[in-house]
1. Could you please state, rounded to a whole Å, how far the C-alpha centre of segment 48-90 is from the C-alpha centre of segment 206-227?
2. How about segment 115-221: which trypsin sites (Lys or Arg not before Pro) there are in a DSSP loop, with at most 15 other Cβ atoms within 10 Å of their Cβ?
3. Binning at 5 Å from 0, report for the chain what percent of all alpha-carbon pair distances ends up in each bin.
4. Round to the nearest 10 and give me the degree value, 0 to 90, for the angle of helix 202-212's Cα axis relative to the longest principal axis of the chain.
5. Out of Val220, Val172, Val181, any idea which swings most in a Gaussian network model of the chain, alpha carbons joined below 10 Å?
6. Per 0.36 nm of contour for each residue apart, how much would the distance between Asp99 and Ala60 grow if the chain were fully extended, relative to their Cα-Cα spacing?
7. Can you give me the relative contact order of the chain as a percent, contacts being Cα pairs under 8 Å and 6 or more apart?
8. List, in order, the whole-Hz ³J(HN,Hα) value for each residue of segment 7-21 obtained from phi through the Karplus relation with A = 6.51, B = -1.76, C = 1.60 and θ = phi - 60°; use x for Gly and Pro.
Amino acid sequence: MLEPGDRVVLITGASGGLGTAVTRAFLDAGASVAAVSRSSPVLSGTELRVLEISADLTVAAEAGRVVEEVRRRFQRIDALVHLLGGFEGGTPVARTGDDVWTRMLDLNLNAAFYMLRAVLPLMLESGHGRILAIGSRTAVEPAATLSAYGVSKAGLVMLVRTVAAEVRRSGVTANAVLPSVIDTPANRAANPGADFSKWVQPESIARLLVWLASDAAADVNGAVIPIYGKA
């Protein structure tokens with residue numbers, strides 16, 4: 001697993017319910033973390049191994065700026081853990097507005113493309129890297145009224161698998177993790193009548209991501225890994 005000072009991990013969407021658990025898991029594993037969020041601080045207090053960056057990753061130039069800031073601070077990026085995403089739906093295709101369609105593609109697919117494109121040259125030059133992206137069960141199991149969300153997450157999976165094919169034998173790997181509903185405060189608030197015990201825990205996802213970023217997972221490339229809890 002990770003040894004102290006052995007990994008530099010760039011985490012996007014780091015201030016969300018999943019992001020805080022993933023950030024803490026990598027710090028606990030000894031990694032240095034660049035925590036990227038839209039505006040909210042990820043950790044309170046001073047943490048020498050954390051670089052907090054505010055950025056709108058739906059803008060291509062912002063992704064490049066983030067990668068450059070991390071490179072200047074830590075000289076390298078060993079893993080990109082792309083958690084950034086959004087959820088919107090509830091209407092069938094015939095009534096889905098352009099704004100929803102565009103927003104889901106921007107948050108769930110375009111931002112990932114910008115980040116992967118920005119970080120790959122650095123990883124390929126070093127001959128080492130881990131690219132991990134959080135998709136959704138909906139990417140492989142379509143659900144009525146979730147067209148924009150499902151298509152954007154399916155596109156993310158194809159993007160990751162394409163990168164995996166391109167980086168084979170380079171020392172870089174790319175994998176996608178597909179949760180069902182994640183047990184976060186925001187999801188509980190949005191679904192007060194749900195059975196939360198069936199949802200997947202953020203800490204379970206975080207443990208999987210830490211392993212996938214480690215040397216132990218060097219032979220895992222192009223995988224699409226379900227983590228559904230009891231759902």
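1. 20
2. When the trypsin sites (Lys or Arg not before Pro) of segment 115-221 are filtered for loop state and at most 15 Cβ neighbours within 10 Å, Arg168, Arg169 remain.
3. Pair shares across the bins are 1, 7, 15, 19, 22, 17, 11, 5, 2, 0, 0.
4. Tilt of helix 202-212: around 40 degrees.
5. For the chain, modelled as a Gaussian network with Cα springs under 10 Å, the answer is Val220.
6. Result: 12.1 nm gained on full extension.
7. 20
8. 9, 10, 10, 9, 10, 9, x, 6, 9, x, x, 6, x, 5, 5
Values in this text are rule-based calculations from the coordinates and carry no lab data. For clarity, every value in this text was computed on a predicted model and none was experimentally measured. Neighbour counts are summed over all protein chains in view; Cβ atoms, including those assigned to glycine, are modelled from backbone coordinates with ideal geometry.
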